[in-house]
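Enquirer: Here it is, the structure in full.
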Amino acid sequence: MRGTKLYNRATKSYQTENSVKVTMTLLLDFDLLPEAARRYITLKASRLLQDRTMGLGHLHQFNMQDEHNALVELRDMNAEVNDFSIFDSFDTYQIINRTGGNVR
């Protein structure tokens with residue numbers, strides 16, 4: 001995904017020759033999200049509200065640290081649940097593809 005379009009890395013375009021099967025979940029209820037996701041969303045929303053209403057610098061720092069910790073926890077949980085490998089990274093793809101070899 002790049003923006004709202006599906007990018008084909010093999011042809012370096014947004015064109016696909018074959019149909020693509022996806023499973024997409026939209027508008028999942030908040031209470032059905034994992035705890036780590038709910039915590040991150042809540043902390044980010046509270047920080048944004050505090051920044052826009054009170055704007056106190058010392059509270060911003062505390063809230064940013066809490067938000068960062070929650071994001072790290074969410075990413076850790078996501079990594080545990082999904083079966084990622086080094087080849088799932090776009091950065092790794094760029095390094096390998098730079099030599100002119102094809103990665104599939």
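Enquirer: Quick one: in region 1-26, which of the residues that are in a loop (DSSP other than H, G, I, E, B) and within 16 Å of the chain's Cα centre (by Cα) is modelled with the highest pLDDT? Even if it seems obvious, please write down each step before you answer.
Expert: Of all residues in region 1-26, those in a loop (DSSP other than H, G, I, E, B) come to 1, 3-4, 6-7, 9-12, 14-26.
Applying the additional criterion that residues be within 16 Å of the chain's Cα centre (by Cα) yields 1, 3-4, 6, 24-26.
On the way: Met1: 71, Gly3: 75, Thr4: 78, Leu6: 83, Met24: 77, Thr25: 75, Leu26: 80.
Here the residue is Leu6.
Enquirer: Then there's this: So Ile41 fits all but one of (1) assigned to a helix (DSSP H, G or I); (2) more than 17 Å from the chain's Cα centre (by Cα); (3) within 25 Å of Val81 (Cα to Cα); what number is the exception?
Expert: Of everything listed in (1) assigned to a helix (DSSP H, G or I); (2) more than 17 Å from the chain's Cα centre (by Cα); (3) within 25 Å of Val81 (Cα to Cα), Ile41 misses just condition (2).
Enquirer: What is the residue count in region 35-54 for residues that are within 12 Å of Asp66 (Cβ to Cβ) and surrounded by 15 or more Cβ atoms within 10 Å (Cβ to Cβ)?
Expert: The qualifying residues number 6.
Enquirer: Looking at region 43-85, which of its residues are among the small types (Gly, Ala, Ser) and more than 21 Å from Phe30 (Cα to Cα)? Break it down into steps so the answer makes sense when it comes.
Expert: First, pick out the residues of region 43-85 that are among the small types (Gly, Ala, Ser): 45-46, 55, 57, 70, 79, 85.
Selection gives Gly55, Gly57, Ser85.
The values are calculated or read from the model by the stated rules, or taken from the named source; none is laboratory data. Here the structure is a predicted model, which is why all the values come from computation and not from measurement. Cβ sites come from the backbone with ideal geometry, for glycine too, and all protein chains shown count toward neighbours.
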